[in-house]
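Take a look at the structure below.
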Amino acid sequence: MTPLLLAAALLANAPASPAPAPNVPAPNAPAAPDAKEAAGSKPTAVRLDVYPPAVHLSTARDRQSVIAVLTLSDGTTRDVTGETTFKAGDESFAKATVGEDGALTYYPAADGTTTLTATYEGKTVEVPLSVVDSGVTPPVGFRNDIMPIFTRAGCNMGSCHGAARGKDGFRMGLFGFDPAGDHFRLTREQAGRRLNLGVPERSLLFEKSVGAVSHTGGKLFEPDSEYAKLILDWIAAGAIDDGAKENWNEGETGPPACVSLEIYPPSIALTGEGSAQRMVARATYSDGTDRDVTHLVAWNTNNPTAAAITPEGAVTAGAVKGTGGAEAFITGRFDVHTVGVPAIVLPENVDFEFPDVEPENYIDEAIYDKLATLRIAPSELCSDEEFIRRAYLDLVGVVPPAEATREFVENTDPSKRAALVESLLDKPEFADIWVMKWAELLTIRADNQSLSGKEAVLYHRWLKEQIDGNVPVDQMVRELLSSSGGTFDTPATNYYRTERDTLKVAENVAQVFMGMRIQCAQCHNHPFDRWTMEDYYGFAAFFAQVGTKNSDDPRERIVYNRGGGEVKHPLTNENMAPKFLGGAQPDFRNDERYRGRDRREVLAEWLTSEENPYFARNIVNLVWAHFTGRGIVEPVDDVRVSNPPANEALLDALAERFVESGYDLKGLVKDICTSRTYQLATRTNPTNLADTANFSHAKLRRMRAEVLLDSINAVTESPEKFRGLPLGSRAVQIADGNTSTYFLDTFGRAKRETVCSCEVRVEPNLAQALHLLNGSTVHDKVQRGKVVQTLLQGVEGKDGEEGVPPMEPAEVLEEITFRCLSRAPTDAEKQALEEALAEGEQPQAVLEDYFWAVLNSREFLFNH
């Protein structure tokens, strides 16, 4: 191997971004979300809060656990329940007990109202306490007392009896979505075995739960526990389903439904491994009453390493890597409600001061506020060479020309980065990128079953006209969803040709335009979100009346509103009225705003209006993910309660500005690309070394398949021919998802078979490396494009045009490096060339080998 090839081999294995600069200064003083503490100072108490903010006790079986939380000047919190003095103004109304775990709980003693006063180190909080019906013991109800026990104990989980075929011969509705069915199977199947009304203790349901007989799921609770007593009392009272109409007395409407769930405290910020915080959960019912359900909630954490939680709702901080903080999201599920609170865990005894950096815009302000809370300092800005390459790849989908890079680097104008963004936004290639991304979301893909080749091309052309004209996104979506007419004359109607199943259309609309995967709710209530089967089928009803018919042209179809057609609930067999997802239910019979109108048109108006909080947030999240490699909600199409935004304030700010701008895509992109956050380097510092979610540094991103191929074609001057497009067209311009190449498939181009964001794959793998090293793409293009030969020999001028003089080998080396990597060659690379030429190697062969090696390097393949 020549010295130059050895250097090229080293280049191919070098990191895509330079190593961290030596002697990176470590931050050195603690910072709060709203203030900075002096280095080494001890945080002071700022506020004492008691949760819940009011105690309501009703009936003899009610109770309420109470916690006291202290907020310190550095933004952290402490559970001080055990150190706080609680005193009721009149102690005859409620009795306080302290459990073995230190939990404080109040039980009703007599009807009345008083004030509960909490005192901690001079800080005092007053909480109203009321008791009603303290002498009344209500019967144990199946819906509100027994069903929550099954969920809390895990009986109706997918891994247990909630599986599609049940477990050990007994099936329950997943996460309790079908209480009537569960009651039937408990009381009517295998009569006398699962429930023994005469001797409740001999009921199989009870014996298996307490471990008295063999149970695949093991022992779930003790025989003398509250859960066991409730189950026995219910069986002894006849095992009635209080939710069944035949069991209601005249004038009764059944048990009250749970309408909301609250979790306290609303946020957690713990310091040091082992620090803890008890949680409290309270459910509110349709009759206005509330109930402590801390012991019935199914608790979960998305990061048990940082913040674990016990089944009883006690959060404990784990060890934190590095000097920055870690995050978790604590969720509680009860009935059909899932609610969560953020938890931050910070290391102890770490001095920190947020660096003095000025935000460029509102994006940086939201980012910096979150980073200061986590005690994370952002990385330094990337170099000009890195910025122009990043901006070109993200905005127009190709590496910058060598001359453009040189001019940009030499430009001393302090506003040159903003000017570069403006100029790239005006290029037609910018529209090509977003046409490609929308074509993936809309699954533009020709096949014999749904979309013909002509329909796909016309659909793609319509989409390009929208993006080229910078049509407001809300307007484009309204036209798309409410479209009617011929698939040739009105190409937007092809949206209803790519998917014809009513339920699938509803799922796709929710996922693409609201970022929500509601598929789970087709068969059962969503286990990790708010959506029920009623929500699912009510939303699907908007698309029940979409019809298609033949046109005069046998190749074309007409999409129209049939004016009839309904969606039935699979459990009740009732027709579902259209209902906005997470919104109101429009009255198509009596409301003048909706009467006689196409349901899709009504939905499209609501979907893109400010009444729907999800549309704008979803679009800005999609755009943000394109430029940073990670969504504020990640994955971008999996918005749910249990998958919260990494930065709620940032998502809100972007959505608000997007709406104010009239849903201007270019304006949104400009805001993102001119922010300081977008310009950060990939190099980390001691505080953000472990950060992957808070945008404290840029993320290394492998180029997506189309952009990589277009960049290889550009630097090698070797154009590609794609089916249906002229020679020299770019891969990002391909209209049909079925048109592809081996290279595009290998590097993860979306097949557009589904709307899932996961179709685009940017993870490197062995097949990609082997294709670059041994395949025909890179080698043939280096040879076929003759870039090295042309640069060495020059080009003669023709027809009065000025020719290009030949270059010296060192100049060609510089040109190749600028073309591919947007930087000048290093001294080591220059020296390797000199040594190779000194040994008598042919300049063209050596430089072509270098060209090939650069195209195989991680520095070329990654956006950094």
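Below are the figures for this structure:
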| read-out | value |
| --- | --- |
| Residue pairs, from the table LYS464/LYS699; LYS321/LYS699; LYS370/LYS416; LYS454/LYS549, whose Cα atoms sit over 22 Å apart | LYS464/LYS699; LYS370/LYS416 |
| Tilt relative to the chain, helix 453-468 - C-alpha long axis, 0 to 90 degrees, to 10 | 90 degrees |
| Rg in Å to one decimal, and Dmax rounded to a whole Å, for region 671-775 via C-alpha atoms | 16.8, 51 |
| Region 721-852: relative contact order in percent, alpha carbon pairs under 8 Å with at least 6 residues between | 15 percent |
| With all protein chains modelled, accessible area of LYS87 [1.4 Å, Å²] | 120 Å² |
| Hits among aspartates and glutamates - C-alpha to C-alpha of LYS579 under 15 Å, sequence gap 8 or more where chains match | GLU507, GLU534, ASP535, GLU566, ASP587, ASP591, ASP598, GLU601, GLU605, GLU611 |
| Separation between Cα centres of region 535-602 and region 252-303, rounded to whole Å | 37 Å |
| Label-to-label distance, nm, for residues given as SER776 and VAL132 (7 Å Cα→Cβ offset) | 8.1 nm |
| Spin-label model distance (nm) - GLU839 vs THR490, 7 Å beyond Cα toward Cβ | 7.0 nm |
| Label-point separation in nm, VAL471 to ASN349, each point 7 Å along Cα→Cβ | 6.3 nm |
| Alpha-carbon centroid distance for the pair region 824-843 / region 761-796, whole angstrom | 20 Å |
| Value of relative contact order over region 56-145, rounded to a whole percent, pairs C-alpha under 8 Å and six or more apart | 34 percent |
| Convex hull volume per residue in cubic angstrom - Cα atoms of region 158-248 | 103 Å³ |
| Sequence of SER675, SER661 from largest to smallest accessible area, 1.4 Å probe | SER661, SER675 |
| Largest to smallest accessible area among LYS464, LYS42, LYS370, LYS781 [probe 1.4 Å] | LYS42, LYS464, LYS370, LYS781 |
| On Cα atoms only, tilt of 384-395 relative to the major axis of the chain in degrees | 70 degrees |
| Burial ranking of peptide ranges 353-361, 285-293 (average Cβ count within 10 Å, highest at the top) | 285-293, 353-361 |
| Of all accessible heavy-atom area on region 207-313, the percent that carbon and sulfur account for (1.4 Å) | 50 percent |
| Residue-span extension gain [VAL46 to ASP552] - 0.36 nm each, minus C-alpha spacing | 174.6 nm |
| Whole-percent carbon and sulfur share, accessible surface of region 604-733, 1.4 Å | 53 percent |
| Centroid-to-centroid separation of region 132-147 and region 315-356 [C-alpha atoms, Å] | 36 Å |
| Rounded tilt (10° steps) of 416-425 against the dominant C-alpha axis of the chain | 90 degrees |
| LYS229-GLN519 FRET efficiency (beta carbon distance; Förster radius 45 Å; 0.05 resolution) | 0.70 |
| Accessible area in square angstrom per residue, region 323-413, 1.4 angstrom probe | 36 Å² |
| Candidate lysines for bridging to LYS229, where Cα separation is under 17 Å - those fewer than 8 sequence places away on the same chain excluded | LYS208, LYS219 |
| Dipole of region 776-850, positive direction: furthest Cα of PRO809, LEU833, LEU791, with charges on the beta-carbon | LEU791 |
| Hits among lysines - C-alpha to C-alpha of LYS781 under 16 Å, sequence gap 8 or more where chains match | LYS721 |
| Cα gyration tensor shape for region 507-663, rounded if a/c is under 1.5, else prolate or oblate | prolate |
| Mean separation of Cα contacts under 8 Å (6+ apart) over length of the chain, as relative contact order % | 13 percent |
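The values are calculated or read from the model by the stated rules, or taken from the named source; none is laboratory data. On a predicted model such as this, the values are computed, not experimentally measured, just so you know. Here the Cβ is made from the backbone with ideal geometry for all residues, glycine too, and neighbour counts use every protein chain on show. These accessible areas exclude ligands, DNA and RNA; they are computed on the full protein's heavy atoms, side chains included. Shrake-Rupley method; radii C 1.70, N 1.55, O 1.52, S 1.80 Å.
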